[in-house]
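A.B. asks: Please see the structure below; I have some questions.
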Amino acid sequence: MATAPGRVLIVDDEEHIRKIMSIMLTKRGYHCRTAESAKEALRIVAKETFDVVFSDLNMPGMDGLGLLAQLRSEVPDTLVIMVTAFASIDTAIKAMKEGAYDYIAKPFDEEEIVLVLEKALERGRLLDENKRLKREISERRDANVFLGQSAAISKVFDIIAKVAETKATVLIIGESGTGKELAARSIHQNGPRADRPFVAVNCGAIPQNLMESEFFGYVKGAFTGAERAKTGLVAEADGGTLFLDEVSELPLEMQVKLLRVLQEEEVKKIGENTPRKVDLRVLAATNKNLKEEVAMGRFREDLYYRLNVISLRMPPLRERPEDIPMLATHFLAQAVTKNNLQPKRMAPAALRVMAAQTWNGNVRALKNVVEQAAIMSDGPVIGPDDLPFNLTPRTFNPGAEAPLDAPIVRIPKDWIDLKAAVKTVTELAETEIIGRALSLNGGNRTRTAEALGLSRRALITKIALYDLDNYAPDNLENNPSGEKSAQPDADDQNGPAL
Ligand SMILES: Nc1ncnc2c1ncn2[C@@H]1O[C@H](COP(=O)(O)OP(=O)(O)OP(=O)(O)O)[C@@H](O)[C@H]1O
Ligand SMILES: [Mg+2]
């Protein structure tokens, strides 16, 4: 496999060394730059990425060890090779302990440099590959994570748990981005067919003239151009689950044919005389009102009843704002891994802004917004200002939708779980207040606890609960009174809620 040439930065205060190394490496096809001081090197790495830095140990100003420390923290993926005079081998070994990848001693010859460099580049490639694999694994695992704590989503989980074991057809209804496909995958994964195929068909994406051959397959020579036999989606799903996504988009004639397959549990390839049995579990999803489609004559009633044995409604996000902090936190972690970012967290204020949005695009839109903010924000904390500005706050406008004499609209029990919502709001407020108090008290836990009227132990519990270690790292406990060892906590109970 061809790989890009290695990018190398040579840092040495002696011009002739820089020249020799740079000529040696450039003629072998490496991309080289040079810097005459640690300071200049840091300016260059801030703008350009290097695989390897060769750094002299003894330089005026910041020396090689100083540069090494800076490089380790600013560009941890870049490998550093120390270049040293024989006299300072001890320092070179110290440098390796502090994270240098290797060292070479002056005077060096060309072969030696290239050997060490190639070894480093190979190591860099392995590290990259390793990272990529880890990312892939976690992306695949994350793709099926199904989160939520609201009453509305808990009800969905209950239904999924019940139907997963069965072969019943489920019609999953919900607005765009509410998690219909995720629900379908979850039904499949939690049932006895989990290790059989899950075949998802986007009924709106198959051109009408190809539909039949996509669904049912064909034998070789069935029509001009059928040079090889094709299995077809229905047969592919045999023993597993066939997920008919956007099922309302099926043309009427295809609806008839599909209904027959589902009823008889057998499929015939185009050009084949005898049908063969298939064992299918069918799930379907739609963001349209299928009953209305039936009424309009666009969807067959018999297929509707065949699909809608059990209906599962995915609640829109605005009906379950309590789930937003949890989802946003999860999507942030996911975006960080996926895009190879430094760890980040959400400021409570940003979570509050998100919890107050309408989210017409539902969970998918939330996921996109969080990923966008993760990429665009600079620091480790995502604040409200890092969110895209085109979010639309939910507005409550009583009376605007219903005239005064309209009958009272009963709110379904599962519409919003007030208790859960109150809990979430309390948690958000606590996170913000404790975070602020910690900052004001320089991270000192005893003083912060006192300021908030909490026991120290209760505060520590909350710091762990809300992940506030950034505000109060253990080593920040500057502790003039020596309280850490001396003073046991006054009370062991959790303090009062704030
Ligand atoms: N409860 C949830 N927990 C975690 N991730 C979720 C949840 N709901 C949805 N997602 C994620 O949001 C995205 C959209 O979900 P999905 O594709 O299942 O929605 P959909 O209803 O099929 O959307 P569409 O109607 O646009 O096809 C996916 O990345 C999915 O993993
Ligand atoms: Mg979908």
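A.B. asks: Out of the residues in segment 71-117 meeting the condition of being within 24 Å of I44 (Cβ to Cβ) and free of Cβ contacts under 8 Å to residues at least 12 places away in the same chain, tell me which one is farthest from the chain's Cα centre (by Cα).
C.D. replies: Ranking the candidates gives S73 first.
A.B. asks: I would also like to ask the following. Kindly indicate which of P5, P60 is under 35 Å from the mean Cα position of the chain (by Cα) and surrounded by fewer than 17 Cβ atoms within 10 Å (Cβ to Cβ).
C.D. replies: Unique residue meeting the criteria: P5.
A.B. asks: For the structure I just gave you, tell me whether A143 is within 16 Å of ligand 1 (Cβ to nearest atom) and at pLDDT 95 or above.
C.D. replies: no
A.B. asks: Does L341 qualify as being in contact with a strand residue (DSSP E or B) (Cβ under 8 Å, 6 or more places away or on another chain), closer than 30 Å to E129 by Cβ and not charged (D, E, K, R)?
C.D. replies: The answer is no for L341.
A.B. asks: Go over the candidates T169, T178 one by one and state the one that is out of contact with any Gly (no Cβ under 8 Å at 6 or more places or on another chain), modelled with pLDDT of 95 or more, more than 16 Å from ligand 2 (Cβ to nearest atom) and at negative phi.
C.D. replies: Result of the check over T169, T178: T169.
A.B. asks: Quick check on L171: is it under 20 Å from the mean Cα position of the chain (by Cα), surrounded by 13 or more Cβ atoms within 10 Å (Cβ to Cβ) and not in a helix (DSSP H, G or I)?
C.D. replies: No.
A.B. asks: Okay, moving on. So R447 ticks every box in (1) at pLDDT 85 or above; (2) surrounded by fewer than 16 Cβ atoms within 10 Å (Cβ to Cβ) but one. Which box is left unticked?
C.D. replies: All conditions are met except number (2).
A.B. asks: Still on this model: Can you tell me which residue in segment 347-369 is nearest to I433 (Cα to Cα), limited to those that are assigned to a loop (DSSP other than H, G, I, E, B) and within 14 Å of ligand 1 (Cβ to nearest atom)?
C.D. replies: Ranking the qualifying residues of segment 347-369, first place goes to W359.
A.B. asks: Might you let me know whether segment 343-357 holds any residue that is polar (S, T, N, Q) and surrounded by fewer than 17 Cβ atoms within 10 Å (Cβ to Cβ)?
C.D. replies: For segment 343-357, residues polar (S, T, N, Q) and surrounded by fewer than 17 Cβ atoms within 10 Å (Cβ to Cβ): absent.
A.B. asks: Another one. Look at R185 and say whether it is within 30 Å of the chain's Cα centre (by Cα), outside any loop (DSSP other than H, G, I, E, B) and more than 14 Å from ligand 2 (Cβ to nearest atom).
C.D. replies: Criteria not met by R185.
A.B. asks: Looking for something among the polar types (S, T, N, Q), in contact with a Leu (Cβ under 7 Å, 6 or more places away or on another chain) and farther than 16 Å from M314 by Cβ - is there at least one such residue anywhere in segment 131-142?
C.D. replies: No: zero hits.
A.B. asks: Among the strands (runs of 3 or more DSSP E) lying completely within segment 200-313, list those that include at least 3 residues that are more than 16 Å from ligand 2 (Cβ to nearest atom), surrounded by 13 or more Cβ atoms within 10 Å (Cβ to Cβ) and under 37 Å from the mean Cα position of the chain (by Cα).
C.D. replies: Fully inside segment 200-313 and qualifying: nothing.
A.B. asks: Could you check segment 374-392 and list, in sequence order, the residues that are in contact (Cβ under 8 Å) with a residue 40 or more places away in the chain, in a helix (DSSP H, G or I) and buried (at least 16 other Cβ atoms within 10 Å of the Cβ)?
C.D. replies: Correct list: A374 only.
A.B. asks: Name the pairs: first residue in segment 142-153 and closer than 19 Å to R185 by Cα, second residue near ligand 1 (Cβ under 6 Å from one of its atoms) and small (G, A, S), Cβ to Cβ under 8 Å, at least 6 apart or on different chains?
C.D. replies: F146/G179
A.B. asks: Name the residue, out of A194, A226, that is in contact with a His (Cβ under 8 Å, 6 or more places away or on another chain) and more than 16 Å from ligand 1 (Cβ to nearest atom).
C.D. replies: A194
A.B. asks: Show the residue pairs that are 6+ apart or on different chains and have beta-carbon atoms under 7 Å apart, the first residue being within segment 236-260 and touching a residue at least 12 places away in the same chain (Cβ under 8 Å), the second being within 12 Å of ligand 1 (Cβ to nearest atom) and among the basic types (K, R).
C.D. replies: Qualifying pairs under 7 Å: S248/K288.
A.B. asks: Moving on. Examine segment 122-135 for a residue that is surrounded by 15 or more Cβ atoms within 10 Å (Cβ to Cβ), more than 16 Å from ligand 1 (Cβ to nearest atom) and touching a residue at least 60 places away in the same chain (Cβ under 8 Å), and state whether such a residue exists.
C.D. replies: yes
The values are calculated or read from the model by the stated rules, or taken from the named source; none is laboratory data. Remember, it's a predicted structure, so these values are computed and weren't measured experimentally. Cβ coordinates were reconstructed from backbone atoms using ideal geometry, including for glycine residues, and neighbour counts include every protein chain displayed.
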